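Any read-out appearing in this document is the output of simple, stated calculations on the displayed coordinates, not a laboratory observation. Just so you know, these numbers come straight off a predicted model, no measurement behind them. So basically every Cβ, Gly included, is an ideal-geometry build from the backbone, and we count neighbours across all protein chains shown.
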Amino acid sequence: MYLYRYLQQVRSSQRLEAECQRNVEVMWVLGRLQPDYKSIAEFRRIHSQAVSEAGVDLVRFARSVGLVRGETVAVDGSKFQAMSSVHHVRERDAGKRYLEQLDTADAQDEMVVDPSAVQAALEKLKSDPEPEARFMRTAKGSVPAYNVQTAVDTEHALIVAQKVSEDATDNRSLLPMAEAAKAALGNPETLNLVADAGYSNGGQAEQCEAQGVVLHVPANRSINNQGDGTLFDRSQFHYDESTDTYRCPGHQTLARKQLQRNKTRVIYPCPSHDLI
């Protein structure tokens with residue numbers, strides 16, 4: 001049933017329940033079993049580890065028949081809208097803020113607590129079916145969603161690793177995806193990883209290189225849009241690797257001064273104020 005679900009891209013457990021009752025293909029596959037949507041969702045939750053291990057076995061089989069080379073993987077993220085509504089997630093977040101305010105006020109003895117309101121907020125959080133859903137910017141605007149990360153082997157574009165992230169951006173997923181891809185491919189000594197600039201993270205890049213992951217990720221450099229258009233373009237600065245210095249268009253040598261932002265930016269100040 002789950003193989004059919006993935007092949008036909010049926011995400012909703014309620015839709016899958018309807019398929020079990022009307023689709024002849026599903027009836028034949030399941031021997032006319034008709035589980036309800038709660039049983040389908042609960043089975044997936046309880047046996048999530050077994051489903052993941054089945055995916056690992058599939059990747060192992062693909063490697064054995066040459067469909068996965070295991071030399072280069074491409075990593076990217078996609079936003080998948082959650083089943084929870086915008087109103088539901090806003091109510092949940094409001095309940096969290098209310099309880100946090102109570103904790104702060106209780107420490108300072110500044111608020112009279114209503115036990116019934118606290119109990120209602122706790123019950124609402126406890127019964128939340130998707131506590132991990134976060135507001136993320138998608139093509140439909142800011143909606144409750146998940147950031148699904150995938151690592152794809154470049155030989156035949158087969159997915160070898162996947163993770164669901166609660167982070168709206170990708171810059172904290174570089175190391176986790178590199179480790180997941182290496183593990184899925186049998187921990188090769190070296191692995192090439194390709195990703196866009198959204199994964200640029202100096203700290204995680206250093207750890208990836210230490211584990212034998214060769215990164216092909218462009219630096220996520222911010223654009224300097226200040227000034228009147230008379231600033232030099234970065235292509236006009238020439239780097240000297242032997243001295244770790246830059247040569248600017250004004251024929252001045254810019255020596256390295258310091259690291260900033262968790263080693264993601266290096267400062268090379270200009271020695272001449274006439275050029276600034």
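Brief remarks follow.
- The lysines whose alpha-carbon is closer than 18 Å to the alpha-carbon of LYS163, local same-chain residues fewer than 8 away aside, are LYS79, LYS182.
- Residue among ALA168, ALA82, ALA50 with the largest mean-square fluctuation in a Gaussian network model of the chain, springs linking Cα atoms under 10 Å: ALA50
- Relative counts (whole %) of C-alpha pair distances in the chain, using bins that are 5 Å wide: 1, 5, 8, 10, 11, 11, 12, 11, 9, 8, 6, 4, 3, 1, 1, 0, 0
- Rounded if a/c under 1.5, otherwise prolate or oblate - the stretch 125-238, Cα gyration tensor axes: oblate
- The GNM of the chain, with springs linking C-alpha atoms under 10 angstrom apart, assigns the highest mean-square fluctuation among LEU231, LEU102, LEU259 to LEU231.
- Angle of helix 13-22 to the longest C-alpha principal axis of the chain, folded into 0 to 90 degrees and rounded to 10: 40°.
- Ordering 7-15, 155-163, 199-207 by mean Cβ neighbour count within 10 Å, with the highest value first, yields 199-207, 155-163, 7-15.
- Mean Cβ neighbour count within 10 Å, used as a protection proxy, ranking 182-193, 123-134 highest first: 182-193, 123-134
- Springs join every pair of Cα atoms under 10 Å in this Gaussian network model of the chain, and among ARG172, ARG92, ARG60 the largest mean-square fluctuation is at ARG92.
- Potential lengthening of the chain between PHE80 and ASN23 amounts to 17.9 nm, from the contour at 0.36 nm per residue minus the alpha-carbon distance.
- Relative exposure of ASP170, ASP114, ASP76, judged by other C-beta atoms within 10 Å (fewest first): ASP114, ASP76, ASP170
- Compared with the dominant Cα axis of the chain, that is its longest principal axis, helix 48-64 is turned about 60°.
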